[in-house]
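Chemist: Sharing a structure here in structure tokens format.
The values are calculated or read from the model by the stated rules, or taken from the named source; none is laboratory data. Predicted, not measured: the structure shown is a model, and the values here were computed from it. All Cβ positions, even for glycine, are placed from backbone atoms using ideal geometry, and neighbour counts span all protein chains on display. Accessible surface areas use protein heavy atoms only, side chains included; no ligands, DNA or RNA. Shrake-Rupley method; radii C 1.70, N 1.55, O 1.52, S 1.80 Å.
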Amino acid sequence: MKTLNLFEFFFKSPKYIPYGRQNITKGDIKAVEKVLKSEFLTQGKLLVDFEEEISRKVNSKHTIAVNSATSALHIACLALDLKQGDYLWTSPITFVASANCGLYCGAKIDFVDVDQDSYLMSVKALEKKLRKAKLDNKLPKIIIPVHLGGSSCDMSAIYKLSKEYGFSIIEDASHALGGKYQDQPVGNCQYSDISIFSFHPVKIITTGEGGVAVTNRPKLAEKMRDLRSHCITRDKKRFEAKDYGDWHYEMQDLGFNYRMNEMEAALGLSQLKRLEKVVSRRNYIYNCYEDLFFNSQVKLIKIPKNVYSALHLAIIKLKNKRIHRKVFDGMRKKGIGVQLHYSPVHLQPYYKKLGFKKGDFPEAEDYASRSFSLPLYPELKSSDLKRISSILKNLIKQN
């Protein structure tokens, strides 16, 4: 009898339901195929078109497309002049990139605990931590609120604190393309300096890999464009040399090869055409989960009243933390691809070596001890949702 390997189990088994999945249409394939038959595979017109369409969708003035959201976070920090000796604060419930980007710049990292219902950065915890940091002369240079699961943090309140305490804001909106805050698109940078989006395959739309940084500030945009491509310029107006030939270009700072290619841009453009439909479908599925788990031992992530979530994740919290592992493992054994988003960053081995320890951020640690994400992607059927909820309820009852 043949034994299934992990790839076959997770992606070929008809009984397995992953927590997320990309959706690729014939139109997407044709768009990428067209690029492969064209003259430019990188640094062509489609990249510019994709950037302009993102700006139109989120109502920002500038978009800089790169090869990942991690790269976007890095160049955003550099554009805001984060350097050695500075502090960057973010949420402990996030992917590690939200914190690592500060380390790349030589900065020190700290975290702000999360709200116990939305799991977003707690404004109360932030305000309390800022007051203490001011007394200790350790105020952050940059704060990165994370829009976990697709729901915006309370950006108006965080922005107000930034004016009082003098920090810059990068929104990690990797999960939130197509979402809204106070009826305005996430990414319009009304309450931040820069916003970041991710196009990893399980995100709202995909470019394969890829990400963007968006901003309304032209100097930040120019700096990030330079940084994504080795800080090389061919703009004669910016040359330091007084005498040069037509071949001349200048590397004016230390940059990186973080460029997005034309195939990725073509895929992104094609996927953006159905952004609103995708987000609407994700909200519908979340509402179905709400109905299925009404008055049960399962509590879904709370979406703030002034937020229209992109619903990248359907995060649940179990009322009884003692059964968390058994229920999680049971779901996996039944072919339901649940996942924890995320293990607290401050308890990762690398960050513990920096001095963080268990007990530092109790709400984040409580979240991780009783939460996980259920499958959420547009192709899920009613029968899938009923199967997921039935298995989860039975496991809770059995344990």
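Chemist: Please name which of 254, 272, 227 has its Cα lying farthest along the dipole of region 227-274 towards the positive end, using unit charges on Cβ (Lys, Arg +1; Asp, Glu -1) and the Cα centre as origin.
Modeler: 272
Chemist: Moving to a separate point now. So what is the relative contact order for region 217-336, in percent, with contacts set as C-alpha pairs under 8 Å and at least six apart?
Modeler: 17 percent.
Chemist: With θ set to phi - 60°, apply the Karplus curve 6.51 cos²θ - 1.76 cosθ + 1.60 along region 304-317 and write out the HN-Hα couplings as whole Hz, x wherever there is a Gly or Pro.
Modeler: Once rounded to whole Hz, the list reads x, 4, 9, 10, 9, 7, 6, 6, 5, 10, 9, 8, 10, 10.
Chemist: Mind running the shape call on region 214-319? Use the C-alpha gyration tensor, a ≥ b ≥ c as the square roots of the eigenvalues: rounded below 1.5 for a/c, prolate if a/b tops b/c, oblate otherwise.
Modeler: Verdict is prolate for region 214-319.
Chemist: Treat region 122-199 as a sphere of radius equal to its Kirkwood radius over Cα pairs and apply Stokes-Einstein at 37 °C in a medium of 0.692 mPa s; give the translational diffusion coefficient in µm²/s, rounded to a whole number.
Modeler: Using the Kirkwood radius from Cα pairs, D works out to 257 µm²/s.
Chemist: Using each residue's phi in region 200-215, evaluate 6.51 cos²θ - 1.76 cosθ + 1.60 at θ = phi - 60° and report the 3J(HN,Hα) Karplus result to the nearest Hz, with x for Gly and Pro.
Modeler: Couplings: 4, x, 8, 7, 4, 10, 10, 10, x, 10, x, x, 9, 10, 10, 7 Hz.
Chemist: Further question: Would you give the gap between the C-alpha center of region 382-399 and the C-alpha center of region 267-339, rounded to a whole Å?
Modeler: Cα centres, region 382-399 to region 267-339: 14 Å.
Chemist: When the chain is treated as a GNM, springs tying every alpha-carbon pair under 10 Å, which of 69, 265, 31 comes out with the largest mean-square fluctuation?
Modeler: Evaluated over the chain, the most mobile residue of the options is 31.
Chemist: With springs only between Cα atoms under 10 Å apart, run a GNM on the chain and tell me which of 332, 21, 274 wobbles the most.
Modeler: 274
Chemist: Per residue of region 146-160, what does 6.51 cos²θ - 1.76 cosθ + 1.60 with θ = phi - 60° give for ³J(HN,Hα)? Whole Hz please, x for Gly and Pro, Karplus curve as stated.
Modeler: 10, 7, 4, x, x, 9, 5, 5, 7, 5, 4, 5, 5, 4, 4
Chemist: Which aspartates and glutamates, if any, have their Cα less than 17 Å from the Cα of residue 352, not counting same-chain residues under 8 positions apart?
Modeler: 110, 113, 360, 365
Chemist: Amide H neighbours of residue 17 under 5 Å, counting only residues 5+ apart in sequence or on other chains, H built in-plane at 1.01 Å?
Modeler: Here the answer is 336, 337, since their amide H atoms fall under 5 Å of that of residue 17.
Chemist: In region 347-394, which GluC sites (Glu not before Pro) fall in coil by DSSP and have 14 or fewer other Cβ atoms within 10 Å? The partial results should precede the final answer.
Modeler: Details: sites: 363, 365, 379; in loops: 379.
Passing sites in region 347-394 are 379.
Chemist: Continuing with this model, one more query. Per the 1.4 Å probe, what fraction of the accessible area of the chain, in percent, lies on carbon and sulfur atoms?
Modeler: Summing carbon and sulfur atoms, their accessible area is 51 percent of the total for the chain.
Chemist: State to the nearest 20 debye the size of the charge dipole of region 327-399 about its Cα centre, where the only charges are +1 on K and R beta carbons and -1 on D and E beta carbons.
Modeler: Charge dipole of region 327-399: 320 debye, to the nearest 20.
Chemist: Using just the helices of the chain, give the 222 nm mean residue ellipticity in deg cm²/dmol: DSSP H runs with n ≥ 4 each add -39,500 (n - 2.57), and the total is spread over all residues, rounded to 500.
Modeler: It lands at -12000 deg cm²/dmol.
Chemist: If we sort 131-143, 147-159 on the protection proxy, mean other Cβ atoms within 10 Å, highest first, what's the order?
Modeler: Taking the mean over residues of other Cβ atoms within 10 Å, the ranking is 147-159, 131-143.
Chemist: Mind checking region 290-339 for chymotrypsin sites (Phe, Trp or Tyr not before Pro) that DSSP puts in a loop (not H, G, I, E or B) and that have at most 13 other Cβ atoms within 10 Å?
Modeler: 294
Chemist: Which order do the peptides 40-50, 100-110, 253-263 take when ranked by the mean count of other beta-carbon atoms within 10 Å per residue, highest first?
Modeler: The densest-packed peptide leads the list: 100-110, 253-263, 40-50.
Chemist: Still on this structure, please answer the following. Non-local amide H neighbours of residue 42 (under 5 Å, H modeled in plane, Pro and chain starts lacking H): which ones?
Modeler: 262
Chemist: For residue 300, enumerate residues with amide H under 5 Å from its amide H, sequence gap 5+ or separate chain, H modeled in the peptide plane.
Modeler: 317
Chemist: Between region 55-92 and region 138-217, what is the separation of their alpha carbon centroids in Å?
Modeler: Centre-to-centre (Cα) distance: 9 Å.
Chemist: Tell me, what is the percent relative contact order of region 1-158, built from C-alpha pairs under 8 Å that lie six or more residues apart?
Modeler: Normalised by residue count, the contact order of region 1-158 is 16 percent.
Chemist: Hey, if you put +1 on the Cβ of every Lys and Arg and -1 on every Asp and Glu Cβ in the chain, which of 93, 176, 327 ends up farthest toward the positive end of that dipole?
Modeler: Selected residue: 327.
Chemist: Same structure, new question: Evaluate the relative contact order of region 294-399 (contact order divided by residue number), counting alpha-carbon pairs under 8 angstrom at least 6 apart; express in whole percent. The partial results should precede the final answer.
Modeler: Values: 103 pairs, mean separation 37.9, N = 106.
Relative contact order here is 36 percent.
Chemist: Multiplying the sequence separation of residue 333 and residue 386 by 0.36 nm and subtracting their Cα-Cα distance, what value in nm do you get?
Modeler: Here the segment from residue 333 to residue 386 would lengthen by 17.4 nm.
Chemist: If you don't mind, another one. As an exercise, use a Förster radius of 30 Å and the Cβ-Cβ distance of residue 36 and residue 290 to find the FRET efficiency, rounded to the nearest 0.05.
Modeler: The calculated FRET efficiency here is 0.10.
Chemist: Still on this structure: Given axes a ≥ b ≥ c from the Cα gyration tensor, I'd like to know whether region 112-159 is rounded (a/c under 1.5), prolate (a/b larger than b/c) or oblate. Numbers along the way, then the final one.
Modeler: Values: a/c = 2.53, a/b = 1.92, b/c = 1.32.
Prolate, since a/c reaches 1.5 and a/b exceeds b/c.
Chemist: Please label the shape of region 60-106 as rounded, prolate or oblate, based on the square roots a ≥ b ≥ c of the eigenvalues of the alpha-carbon gyration tensor (a/c under 1.5 means rounded; beyond that, a/b larger than b/c means prolate, else oblate).
Modeler: Oblate is the answer for region 60-106, as a/c is 1.5 or above yet b/c matches or exceeds a/b.
Chemist: Continuing with this model, one more query. Rounded to the nearest 0.05, what FRET efficiency is calculated for residue 15 and residue 350 with R0 set to 35 Å and r the Cβ-Cβ distance? Walk me through the numbers on the way to the answer.
Modeler: On the way: r = 37 Å, r/R0 = 1.04.
My answer for the efficiency is 0.45.
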